[in-house]
Amino acid sequence: MLPTVSHHAAELAAAVAAVREAGRLCRTVQQGIDPGTLEKRDRSPVTVADFGSQALVCRALGEAFPDDPIVGEEDAAALRDPANAALLERVAGHVRELRPGADPDAVCAWIDRGGADGTGPRYWTLDPIDGTKGFLRGQQYAVALALLEDGALQVAALCCPNLGASLAEGNGAGSVFCAVRGEGAWYLPMVADGTAPVPVRVSERDDPTLIRFCESVEAAHSSHGDAARIAAHLRIAAEPARLDSQTKYAVVARGEAEAYLRLPRNAEYQEKIWDHAAGVLVVTEAGGRVTDVFGKPLDFGHGRVLAANRGVIVTNGRVHDAVLDAIAALEIGRF
Ligand code: AMP
Ligand code: MG
């Protein structure tokens with residue numbers, strides 16, 4: 001069952017169905033990873049799943065909303081190279097398990113629907129596999145899809161195929177988080193089972209010393225050192241939870257952590273819209289707050305990147321100012 005909403009109901013239904021289908025493809029590919037491939041540094045499973053996921057989501061959106069542009073992370077240029085014919089056949093084979101009859105040309109055409117630049121009044125943004133490193137490690141990753149209109153997030157669907165009811169249980173059965181602007185955020189099981197959607201709410205903790213925070217596994221994506229300085233400044237006792245992908249937004253949205261810190265390592269990197277759009281709407285509709293390290297709201301009006309922001313700070317709202325004050329006092333993000 002889907003949440004009952006008063007606007008964008010068709011978009012929500014299409015988005016949830018699309019990320020569920022893509023999540024199934026990703027899960028099949030991840031389960032097929034040969035444990036030996038990590039040592040061999042074979043990235044082909046994530047490449048196959050990335051293209052397959054984007055093909056399935058773009059096919060579904062193209063059917064439901066043929067005029068909607070999609071800003072996806074991937075394009076099919078490399079896949080069309082005859083040198084990559086075997087790779088394309090692997091992608092098409094996985095897509096066919098869910099969409100019988102899909103041929104390689106159709107798969108490439110679906111993927112290329114994701115080539116929009118994010119400058120129009122209405123578009124979707126897609127990360128077909130967010131957290132590729134987590135995917136390869138057998139850990140958390142997400143399929144992240146959001147609809148923007150006039151720069152405002154309207155609908156989000158975030159599929160986390162390895163996330164269960166709590167982080168403590170390790171890899172779980174798969175979760176979908178969805179949200180509609182002004183209407184709320186909900187949890188659904190990844191595999192539809194007829195149960196009612198469960199509203200998600202952020203935690204009510206407001207004592208900064210009790211903050212549980214999450215951050216990237218990859219230190220290249222967020223400064224672990226600066227996070228540790230913030231933790232010391234606020235006298236946070238708990239160790240950070242390190243997770244890949246927008247699963248971190250889901251964990252804050254459902255009250256399992258009070259904050260997600262994404263702390264810039266330099267002045268050059270610009271965050272990509274598909275790494276945040278879905279997560280931001282899920283968290284804000286669950287009662288949380290999202291800004292950059294300077295306290296500015298994220299500005300989705302600059303095409304494919306968050307050009308007007310630096311870093312990302314996600315909280316339950318109640319501890320937000322305390323975290324921003326710590327960042328300012330420690331001069332984090334000022335290069
Ligand atoms: P996470 O799983 O939260 O560590 O984030 C994964 C995302 O980090 C990927 O989808 C990339 O788009 C993004 N990324 C790549 N390089 C950087 C960087 N230098 N700083 C921040 N994010 C990055
Ligand atoms: Mg990503």
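Just so you know, all these numbers are worked out from the coordinates, no wet-lab data involved. All of these numbers come straight from a predicted model, not from anything done at the bench. Every residue, glycine as well, gets a Cβ built from its backbone with ideal geometry; the counts of neighbours run over all protein chains shown.
Taking the Cα centre of the chain as reference, the dipole from Cβ charges on Lys and Arg (+1) and Asp and Glu (-1) amounts to some 560 debye.
Given only helices, namely DSSP H runs of n ≥ 4 each adding -39500 (n - 2.57), what is the per-residue ellipticity at 222 nm of the chain, to the nearest 500 deg cm²/dmol? My calculation for the chain gives -10500 deg cm²/dmol from helical runs alone.
Ordering T28, T315, T291, T195 by the number of other Cβ atoms within 10 Å of each residue's own Cβ, fewest first, gives T195, T28, T291, T315. Quick check: the angle from helix 44-64's long axis to the longest principal axis of the chain, C-alpha only, nearest 10 degrees? On a 0 to 90 degree scale, this one is about 80. Helix 85-98 and the longest principal axis of the C-alpha atoms of the chain enclose an angle of approximately 80°. Annotation for the range 190-258: GluC sites (Glu not before Pro) lying in DSSP loop with at most 14 further Cβ atoms inside 10 Å of their Cβ are E204, E218. Each part reduced to its alpha carbon centroid, the range 31-102 and the range 290-322 end up 31 Å apart.
Using only the Cα atoms of the range 287-335, build the gyration tensor, take square roots of its eigenvalues as a ≥ b ≥ c, and label the shape rounded, prolate or oblate: rounded if a/c is under 1.5, else prolate if a/b is larger than b/c, else oblate. Here the range 287-335 falls in the oblate category.
Would you work out which of C108, A156, G138 lies farthest towards the positive end of the dipole of the range 96-158? Charges go on Cβ: Lys and Arg +1, Asp and Glu -1. Farthest towards the positive end: G138. The range 218-279 and the range 108-186 have Cα centres lying 17 Å from one another.
Near R80: Cβ cut-off under 11 Å, other residues only, Lys/Arg at +1 and Asp/Glu at -1. The net charge is -4. Counting neighbouring beta carbons within 10 Å and listing from fewest to most, the residues C26, C214 come out as C214, C26.
Less than 5 angstrom separates the built amide H of N162 from those of Y141, S175, all sequence-distant by 5 or more or on a different chain.
Put in line by how crowded their Cβ is, counting other Cβ atoms within 10 Å and starting with the fewest, I236, I211 read I236, I211. Considering only A49, L2, G62, and ranking their Cα positions along the charge dipole of the range 1-69 that arises from unit charges at the beta-carbon of Lys, Arg, Asp and Glu, the one farthest toward the positive end is A49.
Assign unit charges at the C-beta atoms only (+1 for Lys and Arg, -1 for Asp and Glu), then state the dipole size of the range 30-125 relative to its Cα centre in Debye, rounded to the nearest 20.
Details: 10 positive and 17 negative charges, 32 e Å.
My answer is approximately 160 debye.
Helix 9-31 and the long axis of the chain differ in direction by around 80°, with both axes built from C-alpha atoms. Applying both filters, DSSP loop and at most 14 other Cβ atoms within 10 Å, to the trypsin sites (Lys or Arg not before Pro) of the range 232-312 gives R235.
Each Lys and Arg contributes +1 and each Asp and Glu -1, all at the Cβ; summed about the Cα centre of the range 1-72, the dipole is approximately 260 debye.
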